[in-house]
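Here's the structure we're looking at; comments come further down.
The values are calculated or read from the model by the stated rules, or taken from the named source; none is laboratory data. The model shown is predicted, which means the values in this text are computed figures rather than measured ones. Here Cβ is always computed from backbone atoms with ideal geometry, including for glycine, and neighbour counts include all displayed protein chains. Just the protein is used for accessible areas: all its heavy atoms, side chains included, with ligands, DNA and RNA removed. Shrake-Rupley method; radii C 1.70, N 1.55, O 1.52, S 1.80 Å.
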Amino acid sequence: FGKPKVDLMLRDFPRALMAVAEVTTYGAEKYCASGWVYVPQALDRYSEAKARHMMKGHLNETDEESGFLHAAHEAWNCLAVLELKLREKETNHERDTNSEG
C-alpha cells in the first residue's frame, strides 16, 4: 500500500466533494469557520445529525433550510465524525508515546 492517490479522489468525486464544500461553507457562514470542532459532545451530535439527514433524505431529497441535498449534509457529518475520531486516535497515540519515554 503506497501513498494515497488524492488526485483520484478529486477526479472521481468532484460533484460530491463540491456538494460537501457547499455544506461546509453554509455552516461556516451560519456559525463560524471551523467552529464545529469546539461544539460540546461533538461526536455524539454529528453522529445524530448524520442519522437525521440519512432519514430525512429518504423522505425528501433536499434539506429545507439550506437547499442542499440531505446526502451532502450526511457526508459532511460523516467527515466530521471521522476527523474527530482520527484526531482522538492521534492524540491518544502521542500521549502513549510520550508516557513511554
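For region 1-53, a residue qualifies if it is of a type in the set (Gly, Ala, Ser) and in contact (Cβ under 8 Å) with a residue 40 or more places away in the chain, and the qualifying residues are Ala16, Ala19, Gly27, Ala42. Of the candidates Glu48, Glu29, Glu74, Glu88, the single residue that is open to solvent by less than 90 Å² (accessible area, probe 1.4 Å), in a helix (DSSP H, G or I) and among the charged types (D, E, K, R) is Glu74. Restricting attention to region 52-71, and to residues there that are in a helix (DSSP H, G or I) and surrounded by fewer than 16 Cβ atoms within 10 Å (Cβ to Cβ), which single residue is farthest from the chain's Cα centre (by Cα)? It comes out as Leu59.
Condition (residue is touching a Ser or Thr at 6+ places or on another chain (Cβ under 6 Å), part of a helix (DSSP H, G or I), open to solvent by less than 60 Å² (accessible area, probe 1.4 Å) and modelled with pLDDT of 95 or more) applied to region 14-25: is it met by at least one residue? No, because not a single residue in region 14-25 is touching a Ser or Thr at 6+ places or on another chain (Cβ under 6 Å), part of a helix (DSSP H, G or I), open to solvent by less than 60 Å² (accessible area, probe 1.4 Å) and modelled with pLDDT of 95 or more. Residues in region 26-69 that are more than 27 Å from Val6 (Cα to Cα) and in contact with a Ser or Thr (Cβ under 9 Å, 6 or more places away or on another chain): Lys30 alone. Scanning region 91-101 for residues that are in a helix (DSSP H, G or I) and either within 16 Å of the chain's Cα centre (by Cα) or not polar (S, T, N, Q) (or both) gives His93, Glu94, Arg95, Asp96, Glu100. Out of the residues in region 1-34 meeting the condition of being over 19 Å from Leu84 (Cβ atoms) and aromatic (Phe, Trp, Tyr), tell me which one is farthest from the chain's Cα centre (by Cα). So the residue we want is Phe1.
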